[in-house]
Amino acid sequence: MTMVTSASRPPKSSGNDNVVRAQAVAKVVGEMKKLTNSCVLLDEWAEFVSLNKYELIAAFKRLTGIPPIAFHNAEKLEIAKRLLVFEQISVTEVCFELGFQSVGSFVSKFTNCVGVSPGGYARVMGSTGFASILVGALQKSNRARNSGSGIRIRFELPVSQRALSLIAAVFPRPFPSGYPAEWRFVPPFCRVTTIGDGLTGYCLAASFPVLPRLAELVNFRPALIGRQALDITDIDIRIELRTPTIFDPPITLAVPALFSRYASHQ
């Protein structure tokens, strides 16, 4: 483990507990993003910031909406995407590089969160025809129902960033988990779309370049994100998009699967 040692832990603060724990969670999240810390365990994260693991879990869920292990796995899968595409490392090598116990568990977690297998992801994202795959998927989304019956979604953006394109998808959890129930590409200056009736879970939204380069998509860092719970009775919801913070889980983790799935049906 190459994580910062306990000698570097911040001293206990006499300030507000919520502030202290927010600082602790922010420090853990910063370390989770590093490949060198991919094998660190929950007890070690808690010791690192001088909390017990139950305090860390509670603070993590309050600030990020998900448990620390789920957050860490999502961050590891973000690293896995980069290794598979840009380093062209095999699925087996990536698995053990990131500290997963077996290739089977790695493939299962990657597929469940990203929505496509790691091997399939590497093939599609590394293909020379990626640009046409991307355009085709966006065109398919544009042909999807954007009016009429269904849940109407209104997006609210800062005035200075209203020209951005958006991508929105519905997942069962507050972070990507498998292929979305529905997804929509929302072109610039369009701030309303419609998804099917009876959907539950969470609608996750992010700003999105209309024609991103491959590197931009694999290392996707949207300028704005938003998240809204869906109830089966909803007919009209509003999603306010804001600048991401360190406490936001990588809600765009599954975006490449939207295009990978489209490619697999060509």
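The values are calculated or read from the model by the stated rules, or taken from the named source; none is laboratory data. If you're wondering where the values come from, they're calculated on a predicted model, not measured in any experiment. For neighbour counting, all protein chains shown are included, and Cβ atoms are generated from backbone atoms with ideal geometry for every residue, glycine included. To get the accessible areas, we keep the full protein, side chains included, count just its heavy atoms, and leave off ligands, DNA and RNA. Shrake-Rupley method; radii C 1.70, N 1.55, O 1.52, S 1.80 Å.
Annotations
Each row is one residue, and each column tells you yes or no for (1) without any contact (Cβ under 8 Å) to a residue 12 or more places away in the chain; (2) open to solvent by 20 Å² or more (accessible area, probe 1.4 Å); (3) of a type outside the set (G, A, S).
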{"position": "Q161", "(1), (2), (3)": "no, yes, yes"}
{"position": "S177", "(1), (2), (3)": "no, yes, no"}
{"position": "P188", "(1), (2), (3)": "no, yes, yes"}
{"position": "R191", "(1), (2), (3)": "no, yes, yes"}
{"position": "I195", "(1), (2), (3)": "no, no, yes"}
{"position": "G201", "(1), (2), (3)": "no, no, no"}
{"position": "L204", "(1), (2), (3)": "no, no, yes"}
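- Residue satisfying condition, being assigned to a strand (DSSP E or B) and small (G, A, S), within set S177, S207: S207
- Just so you know, in the range 22-38 the residues that are of a type in the set (A, V, I, L, M) and open to solvent by 20 Å² or more (accessible area, probe 1.4 Å) include one that is nearest to K76 (Cα to Cα), and it is L35.
- Residue in the range 160-169 that is at pLDDT 90 or above and among the hydroxyl-bearing types (S, T, Y) present: no
- Considering (1) within 26 Å of P172 (Cβ to Cβ); (2) surrounded by 16 or more Cβ atoms within 10 Å (Cβ to Cβ), the lone condition that S108 does not fulfil carries the number (2).
- Within the range 75-117, being outside any helix (DSSP H, G or I) and out of contact with any Leu (no Cβ under 7 Å at 6 or more places or on another chain) holds for F86, E87, Q88, S90, L98, G99, F100, Q101, S102, G115, V116, S117.
- Scanning the range 210-240 for residues that are aliphatic (A, V, I, L, M), part of a loop (DSSP other than H, G, I, E, B) and either on the phi > 0 side of the Ramachandran plot or touching a strand residue (DSSP E or B) at 6+ places or on another chain (Cβ under 7 Å) (or both) returns V210, A223, L224, I235.
- Conditions (1) at pLDDT 90 or above; (2) surrounded by 17 or more Cβ atoms within 10 Å (Cβ to Cβ); (3) of a type outside the set (D, E, K, R): number failed by C113: (1)
- Screening P118 on (1) at pLDDT 85 or above; (2) under 30 Å from I69 (Cα atoms); (3) open to solvent by 10 Å² or more (accessible area, probe 1.4 Å) shows it passes everything except condition (3).
- When the range 39-89 is filtered for residues that are touching a residue at least 60 places away in the same chain (Cβ under 8 Å), open to solvent by 60 Å² or more (accessible area, probe 1.4 Å) and out of contact with any Gly (no Cβ under 6 Å at 6 or more places or on another chain), the ones remaining, listed by number, are R82, F86.
- Restricted to the range 7-19, and to residues there that are outside any loop (DSSP other than H, G, I, E, B) and modelled with pLDDT under 90, the residue that is surrounded by the fewest Cβ atoms within 10 Å (Cβ to Cβ) is A7.
- From P222, P249, residue being touching a helix residue (DSSP H, G or I) at 6+ places or on another chain (Cβ under 7 Å) and buried (at least 20 other Cβ atoms within 10 Å of the Cβ): P249
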